[in-house]
Amino acid sequence: MWSADEILRYWFHDRESSARALRRRFSGMVLLASEGTFDDWAARPEGTLALILLLHFVQNSMFANTVLENNYLPRVEKLCLQAVERGQDRSLDDFQRAHIYVAMMSSRPAKVRQQGRALFDGMKDHLTPEQLAMLQTAAEQGTLTV
């Protein structure tokens, strides 16, 4: 079983290059996270981000263009809003924080999408061109290229 820190290290530094690799590595983790097994992670900003990565970015990258894509969107919306309300987003580095805002931009309620867009737009100058391009693609497609 992986920890929140191991998931962050994998996602931001050691990612393999296929949805199949993500499914092999994380499908069980995504299911456990969806069932609340890792809810205690949300007490830390890094843990909240790890849950958002699992339930949104990893899930959507594993199952892009299938009925399982965005399967946990209500849970992701709640995690993102809690991270912003609690100020957890501000304790992460800029690139990590931007993932929360991009996830918000996939939300169903327009108000949450708009809030995510405004927060993301407010920090664009803090991202490298490569990071910005990747995240803008993620915002448009709902997945990150892996």
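The values are calculated or read from the model by the stated rules, or taken from the named source; none is laboratory data. Because the structure is a prediction, the values reported are computed rather than measured. No Cβ is skipped: glycine too gets one built from the backbone with ideal geometry, and neighbour counts run over all protein chains shown. All accessible areas refer to the heavy atoms of the entire protein, side chains included, with ligands and DNA or RNA removed. Shrake-Rupley method; radii C 1.70, N 1.55, O 1.52, S 1.80 Å.
The set of residues in the range 61-95 being at pLDDT below 80 and over 16 Å from Leu31 (Cα atoms) consists of Ala64, Asn65, Thr66. Of the set (1) modelled with pLDDT of 80 or more; (2) among the acidic types (Asp, Glu); (3) under 22 Å from Ala139 (Cα atoms); (4) surrounded by fewer than 21 Cβ atoms within 10 Å (Cβ to Cβ), all apply to Asp40 but (3). When Ala50 is tested against (1) hydrophobic (A, V, I, L, M, F, W, C); (2) farther than 15 Å from Asp5 by Cβ; (3) under 12 Å from the mean Cα position of the chain (by Cα), only condition (2) is not met. When Val30 is tested against the conditions (1) open to solvent by less than 70 Å² (accessible area, probe 1.4 Å); (2) assigned to a helix (DSSP H, G or I); (3) within 24 Å of Glu130 (Cα to Cα), the lone failure is (3).
Taking every residue in the range 120-132 that is touching a residue at least 12 places away in the same chain (Cβ under 8 Å) and pairing it with any residue that is in a loop (DSSP other than H, G, I, E, B) and among the aliphatic types (A, V, I, L, M), at least 6 positions away or on another chain, the pairs with Cβ-Cβ distances below 7 Å are Phe120/Met105. Per this entry, Arg108 is not counted among residues that are in a helix (DSSP H, G or I) and not hydrophobic (A, V, I, L, M, F, W, C).
Here are Gln115, Gln59: which of them is free of Cβ contacts under 8 Å to residues at least 40 places away in the same chain, surrounded by 22 or more Cβ atoms within 10 Å (Cβ to Cβ), in contact with a Leu (Cβ under 9 Å, 6 or more places away or on another chain) and not in a loop (DSSP other than H, G, I, E, B)?
Just one listed residue meets the conditions, Gln59.
Could we say that Met123 is modelled with pLDDT of 90 or more and crowded, with 18+ Cβ neighbours inside 10 Å here? Here the answer is no, as Met123 does not meet what is asked.
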